[in-house]
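The values are calculated or read from the model by the stated rules, or taken from the named source; none is laboratory data. What you see is a predicted model, and the numbers here were worked out from it, not measured in a lab. Cβ atoms come from the backbone with ideal geometry, glycine included; neighbour counts cover every protein chain shown.
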Amino acid sequence: MRRAALLGVSAALLAGCVLGPPARVNVPVPVECHAKEPKLPPMPTDHLPWGVDVDRWVAAAQAELLLRDGYEGELRAALRECTG
């Protein structure tokens, strides 16, 4: 008796699947990223000695800005490769 009831419930549930229209479900699938993290270049202001004059410090800071722009571009490219 119990087996017949279970079989009837199972058949009713499966019949409900046949009656409804198919529905498409978009699920994001995680994919491993193979992009390599760019290496941080040595920054000019990190290697300045103590007591350096302002002109040399400003020149090093301007060079560092250019290096950072290039490094950030490489980071953005790696991120774009991973996120699509």
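Total residues in the stretch 1-43 satisfying the condition of being closer than 30 Å to Q62 by Cβ and not aliphatic (A, V, I, L, M): the figure is 6. Does P28 qualify as being surrounded by 10 or more Cβ atoms within 10 Å (Cβ to Cβ) and either under 30 Å from T83 (Cα atoms) or at pLDDT below 90 (or both)? Answer is no for this residue.
Give the residue, chosen from V25, V9, that is outside any helix (DSSP H, G or I) and among the β-branched types (V, I, T). Steps first, answer last, please.
Values: V9 fails: outside any helix (DSSP H, G or I).
Answer to the selection: V25.
When each of E37, E64 is tested for being surrounded by 10 or more Cβ atoms within 10 Å (Cβ to Cβ) and touching a residue at least 12 places away in the same chain (Cβ under 8 Å), the lone residue that passes is E64. State all residues of the stretch 47-84 that are more than 23 Å from the chain's Cα centre (by Cα) and either modelled with pLDDT under 90 or in a loop (DSSP other than H, G, I, E, B) (or both); if no residue qualifies, say none. H47, L48, P49, W50, G51, V52, D53 - these are the residues of the stretch 47-84 that are more than 23 Å from the chain's Cα centre (by Cα) and either modelled with pLDDT under 90 or in a loop (DSSP other than H, G, I, E, B) (or both).
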